[in-house]
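Chemist: First, the structure itself, so that you have it in front of you.
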Amino acid sequence: QVQLVESGGGLVQAGGSLRLSCAASGIIFSLTTMGWYRQAPGKQRELVAHITGAGSTNYADSVKGRFTISRNNAKKTVYLQMNSLKPEDTAVYYCRATMQSNYWGQGTQVTVSS
């Protein structure tokens, strides 16, 4: 049974930082591409960043230079370090595991106040 559990969200002022974590179980983590997505109220869910099992990364243009995705295969955890946060980064952030099917976590709220 695949489980993805996000943590680390919260309320932060603009310019601040947060680090999200997503702990995975039930998958061969080291072979799985992991991604962070976000969904703001009234908007579609969008890709923030993803990282392959080999460590290759890809970022949305809106977060390049501010966010960093990383993974620890031994801990089966993927991270999203978010710096220089902006109010427009406010959203529910979801972790996704991409395999033959896609698996999603329950999401964690990030709120950036101006």
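Chemist: Here are some residues: ALA60, ALA40, ALA14. Which one is open to solvent by less than 60 Å² (accessible area, probe 1.4 Å), over 20 Å from ASN73 (Cα atoms) and in contact with a Ser or Thr (Cβ under 6 Å, 6 or more places away or on another chain)?
Modeler: The conditions single out ALA14.
Chemist: Any idea which residue in the range 63-73 is least open to solvent (accessible area, probe 1.4 Å), counting only those that are part of a loop (DSSP other than H, G, I, E, B) and either in contact (Cβ under 8 Å) with a residue 40 or more places away in the chain or in contact with a strand residue (DSSP E or B) (Cβ under 8 Å, 6 or more places away or on another chain) (or both)?
Modeler: That would be ARG66.
Chemist: May I pose another question? Counting only residues that are at pLDDT 95 or above and in a loop (DSSP other than H, G, I, E, B), which one in the range 74-103 is surrounded by the most Cβ atoms within 10 Å (Cβ to Cβ)?
Modeler: LEU85
Chemist: Looking at the range 30-44, I want the residues that are within 15 Å of VAL63 (Cβ to Cβ) and part of a loop (DSSP other than H, G, I, E, B) and have a partner that is open to solvent by 20 Å² or more (accessible area, probe 1.4 Å) and not aromatic (Phe, Trp, Tyr) with Cβ atoms under 7 Å, at least 6 apart or on another chain. Which pairs are those?
Modeler: ALA40/THR90
Chemist: Let me ask something else about it. So ALA54 fits all but one of (1) touching a residue at least 12 places away in the same chain (Cβ under 8 Å); (2) part of a loop (DSSP other than H, G, I, E, B); what number is the exception?
Modeler: (1)
Chemist: Additional query: Can you run down the residue pairs with Cβ atoms below 8 Å, 6 or more apart or on separate chains, where the first is in the range 83-112 and under 26 Å from PHE29 (Cβ atoms) and the partner is of a type in the set (Asp, Glu) and open to solvent by less than 60 Å² (accessible area, probe 1.4 Å)?
Modeler: Listed by first residue and then by second, the contacts come to TYR93/GLU6; TYR94/GLU6; CYS95/GLU6; GLY105/GLU6; GLN106/GLU6; GLY107/GLU6; THR108/GLU6; VAL110/ASP89.
Chemist: Please name all residue pairs, on different chains or six or more residues apart, with Cβ atoms under 6 Å, provided the first residue is in the range 12-24 and is more than 10 Å from SER113 (Cβ to Cβ) and the second residue is open to solvent by 50 Å² or more (accessible area, probe 1.4 Å).
Modeler: These pairs meet every condition: SER17/ASN83; ARG19/GLN81; SER21/SER7; ALA23/VAL5; ALA24/LYS76.
Chemist: Which ones in the range 1-11 are touching a Gly at 6+ places or on another chain (Cβ under 9 Å), modelled with pLDDT of 95 or more and exposed (fewer than 14 other Cβ atoms within 10 Å of the Cβ)?
Modeler: Within the range 1-11, just GLN3 meets the criteria.
Chemist: When the residues of the range 19-30 are filtered to those that are under 14 Å from SER70 (Cα atoms) and out of contact with any Lys or Arg (no Cβ under 8 Å at 6 or more places or on another chain), which remaining residue is surrounded by the most Cβ atoms within 10 Å (Cβ to Cβ)?
Modeler: Out of the qualifying residues, it is CYS22.
The values are calculated or read from the model by the stated rules, or taken from the named source; none is laboratory data. Small disclaimer: the values here were computed from a predicted structure and weren't measured. In this analysis, Cβ positions are derived from the backbone assuming ideal geometry, glycine residues included, and neighbour counts consider all displayed protein chains. These accessible areas exclude ligands, DNA and RNA; they are computed on the full protein's heavy atoms, side chains included. Shrake-Rupley method; radii C 1.70, N 1.55, O 1.52, S 1.80 Å.
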